[in-house]
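Trainee: Take a look at this one; I'll ask things after.
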Amino acid sequence: MYRLLIVDDEPFIVKGLTYLCEHTSRLDLEVEQAYSAVSALDKLERMPADIVLTDIRMPGLSGLELQKAIRQRWPRTKVIFLTGYDDFAYIQEATRDGSADYILKTEGNAAVLAALRRTIVLLEEEFNASRLLAQAEERMARTLPLLQRQFLLDLLYGQDIVEAPRSRSHFAELKFELDETAPCLLVLCRIDESAALDRGMKARFGYALEQLAHELIASFAHMAAIEYEPFRNAWFIQDTAWGGSVTGGNPMQSFNLIKHALEQVQNRSRGLLGLRISLAVAGDWVCWREIPGKFEDLKLLLGSGLGCGEETLLVEHEPRTGKGLAERSKDAAVRTVTKKAELMRASLEQRDRRAFEELLEDLTSSIFEENSPAGTLDKITVYYQIVSLYFPYIRQVENALDSARGRFIDLGRLTRYDSHSSWKDAAAYIRQMADCIFESLENGRNEQQHEVIDKVNLYIEQNLSGDLSLTQISDKVGHNPSYLSRLYKQVTGQGLSEAITAARLAKAKQLLEETTDKIHEIAAAVGFISPPYFYRFFKTATHLTPQEYREITNK
């Protein structure tokens, strides 16, 4: 139901129109009356109306002045003018101020009702549109983090090139603080202790780390963050205003402020969160179109960190200095090596020993040969690229390594390239370390697999009289049924159903030998509801009936 306010200084017109509206079917209007524009405004203050049907010429405030006041205070209220004057100037002014309709009193009741119906349709359309917009805004608010994440990922991987003017609306729609017209400094962050974090912890730590970075740079820079790989984040940083900011738009000063803030992020991350992180910082500010290339450069830089590969802060090169041709050629060679190191990291994460060893052999045979054209610094860089891959896994398998291959565990030697007598010696050592790590990981996996098998066997032994379906067992040990079936067969050499059959037969023999329980009681104890079926099962397996077996074994 819509609320209608009828305004006219002639009471008989107001009463007649009220009667007309209240007694017209399918109009569904709640009607109020006013005999002046001032009275109408007073009623609207107390109870806004959806439609105002008003005369134009009235003493005091005119209908046109009433309309202007309504538009300022209740913009969604629709105004219909009803007048005895067919004056073009009135019509023009009313239309210009947004009236819903204009009717001459001489047109009669049918015209009034038609105008009201048109206005009701207009209100319903606007209501539906407003509702849809409100729903869209609500949905946008819920999905905004996902939309922001996808947009930033597209930027990193070159799927979305930022160009004005489209980018202006896109940045605004996604509510970024970043300016699409200003250069950006890209920083990559790696959580070094990823092996110790489960999925839930990772999400919490990642959010806390992002908040910490925001707080430390908020006074002079804007920032947006995205996780592009597990435990690896990209931070987009901009000076708050390249003109008039705390740095005055000075690129070098901005860079130094941000670098100092990133050092604080590392320190506080360790102190407050107990989390060690490594950072790779672009050496210069770039436009958005250059972000994908800079992203690839920083990924390689982060993977090539010198030292132990933990809590490093690597800067690409000094801002705005550029590089000469010789340096760029050298970078190309390092890029190739670092790309292989990235592939080695992926192979290690996937426990693909063959792929890892092939890549390692390729790198060590080409770089570490005595007659290699690579300089000493290049060899050192590649050495630590490979060594940095080992450390997350050494922490996981250190005890096993110490007991199994203690002669190879010398972290001091591993982290000091100058502890090796030659590059050939260094290559042999890191190959030995790779063998240790893969063997220990394999041993650890075998131990985990045997733990699962032990759980399965224990459950079978304790539940011979109950449900021993594959689904039930997999639920109890926490593995997918098909995976559990394959694993059991792989580790034990027999299928799970065969193992259950063997366990039931062994238990039945034990009960027949050691107890005086009745045959049907033994059948129920090992999971056979039907004694005849137990008889057939036992005779098929032993070529004896249960009673014959008891008599023979108890002699």
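The values are calculated or read from the model by the stated rules, or taken from the named source; none is laboratory data. Predicted model only: the values in this text are computed from it and were never measured. Note that we place each Cβ from the backbone using ideal geometry, even for glycine, and neighbour counts take in every protein chain shown.
Trainee: In region 422-451, which residues are more than 18 Å from I386 (Cβ to Cβ) and modelled with pLDDT of 75 or more? Give the derivation first.
Mentor: The initial filter retains those residues of region 422-451 that are more than 18 Å from I386 (Cβ to Cβ), namely 442-451.
Within region 422-451, just E451 meets the criteria.
Trainee: Could you grab the pairs with beta carbons closer than 7 Å, sequence gap of 6+ or different chains, first residue in region 451-475 and closer than 23 Å to I529 by Cβ, second one modelled with pLDDT of 75 or more and of a type in the set (S, T, N, Q)?
Mentor: Within 7 Å, the pairs are L470/S485.
Trainee: Which of the residues that make up region 58-82 are of a type in the set (S, T, Y) and under 15 Å from L116 (Cα atoms)?
Mentor: Answer for region 58-82, where residues must be of a type in the set (S, T, Y) and under 15 Å from L116 (Cα atoms): just T77.
Trainee: Out of the residues in region 42-64 that are small (G, A, S) and under 19 Å from K105 (Cβ atoms), which is surrounded by the most Cβ atoms within 10 Å (Cβ to Cβ)? Spell out the reasoning first.
Mentor: Here is the first cut: in region 42-64, the ones small (G, A, S) are 49, 60, 62-63.
Applying the additional criterion that residues be under 19 Å from K105 (Cβ atoms) yields 62-63.
Values: S62: 16, G63: 24.
If we take residues in region 42-64 being small (G, A, S) and under 19 Å from K105 (Cβ atoms), then G63 is surrounded by the most Cβ atoms within 10 Å (Cβ to Cβ).
Trainee: Within region 218-254, can you find the residues that are modelled with pLDDT of 75 or more, touching a strand residue (DSSP E or B) at 6+ places or on another chain (Cβ under 6 Å) and farther than 19 Å from E311 by Cα?
Mentor: Once the filter is applied, which keeps residues that are modelled with pLDDT of 75 or more, touching a strand residue (DSSP E or B) at 6+ places or on another chain (Cβ under 6 Å) and farther than 19 Å from E311 by Cα, region 218-254 yields A221, H222, M223, A224, A225, I226, Y228, F236, I237, Q238, D239, S254.
Let's see how each residue does on (1) in a helix (DSSP H, G or I); (2) modelled with pLDDT under 85; (3) exposed (fewer than 13 other Cβ atoms within 10 Å of the Cβ):
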residue	(1), (2), (3)
V14	yes, no, no
R26	no, yes, yes
Q33	no, no, no
L66	yes, no, no
P75	no, no, yes
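Trainee: Still on this model: What's the total number of residues in region 78-111 that are part of a helix (DSSP H, G or I), touching a helix residue (DSSP H, G or I) at 6+ places or on another chain (Cβ under 7 Å) and either at positive phi or at pLDDT 80 or above (or both)? Before you say what the answer is, go through the steps one by one.
Mentor: Let us first name the residues in region 78-111 that are part of a helix (DSSP H, G or I), namely 88-96, 105-107, 109-111.
Then keep just the ones that are touching a helix residue (DSSP H, G or I) at 6+ places or on another chain (Cβ under 7 Å); that gives 93-94, 109.
Still in the running and either at positive phi or at pLDDT 80 or above (or both): 109.
The number of residues fulfilling the criteria is 1.
Trainee: While we're looking at this one, here's another question. Hey, can you tell me all the residues within region 15-41 that are closer than 22 Å to W74 by Cα and among the hydrophobic types (A, V, I, L, M, F, W, C)? First the steps, then the outcome.
Mentor: Here is the first cut: in region 15-41, the ones closer than 22 Å to W74 by Cα are 28-41.
Within region 15-41, L29, V31, A34, A37, V38, A40, L41 qualify.
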